[in-house]
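S.K.: Sharing a structure with you now.
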Amino acid sequence: MRVTDHRYSRDLERHHLALRMIRHEARTCTIRLCTTLTDDRIRKLYRSYVSAGPAAQAVRRKRGKSPRRTAYFLRNASAHLEASLLAGLFAAVGLIEDEGARNPAQRGIEFGALFCDAFETYQSLWRSGHLSFEHAWFLLMALASGEDLQVDGCPECGGAFVRDTLSLSPGRCPLCRMKTDTRGVRRLLAERRNLADPRS
Ligand SMILES: [Zn+2]
């Protein structure tokens, strides 16, 4: 492959990834880190994407502060279960150990594409999931730093789950917690039922 062909191919990959992240309502700074496109180029891509049709117009640009509180992932058993599912996917594809998760300078196209793969898999597995792209991004960074959260094995069932590293007890996975919380199980089942039957 000639040098000019290679550059063209990389530019195309950058644009494809940026559009993929725009569809997930990623912030400009997150897109910039993975694609190295300028903010101006990302804004132009966003505008061209939104003008493409009604489905694209539903996408909103994120403004304000990025997610910062790890307690968001542990606030109840259902939220904890979602975060644990996503964390299991991150671990399965090696994202938590990836240098890009710790070092912003190492976040290239491949890292961004792999993250999108994991996030889209989470969305297909949990269609009523509440975690946004930016919350998922923050979860990965928190797991990679290991300061507040880490992926651990449940002492009761052995399943992987997100553990609060500041907690004095080893904790249990959200599924084991829900077994002893019938209200939590009922709430989860009701969510599933409503999703299966949109008339209800
Ligand atoms: Zn368990």
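S.K.: Given L143, L168, L131, L139, which one is in a loop (DSSP other than H, G, I, E, B) and buried (at least 17 other Cβ atoms within 10 Å of the Cβ)?
M.R.: Just one listed residue meets the conditions, L131.
S.K.: Being surrounded by fewer than 19 Cβ atoms within 10 Å (Cβ to Cβ) and part of a loop (DSSP other than H, G, I, E, B) is the filter here; which residues of region 97-123 pass it?
M.R.: Hits for region 97-123 are E97, N103, G108.
S.K.: Report every pair of residues separated by at least 6 positions or lying on different chains whose Cβ atoms are under 6 Å apart, first residue within region 139-157 and within 16 Å of the ligand (Cβ to nearest atom), second open to solvent by 60 Å² or more (accessible area, probe 1.4 Å) and part of a strand (DSSP E or B).
M.R.: V151/A160
S.K.: Which one is farthest from L139 (Cα to Cα) among residues in region 158-174 that are of a type in the set (G, A, S) and more than 12 Å from the ligand (Cβ to nearest atom)?
M.R.: Per the criteria, the residue is S169.
The values are calculated or read from the model by the stated rules, or taken from the named source; none is laboratory data. As the structure is a computational prediction, the values presented were derived from the model and not from experiment. No Cβ is skipped: glycine too gets one built from the backbone with ideal geometry, and neighbour counts run over all protein chains shown. When the accessible area is computed, the model is the full protein with side chains, heavy atoms only, and any ligands, DNA or RNA have been set aside. Shrake-Rupley method; radii C 1.70, N 1.55, O 1.52, S 1.80 Å.
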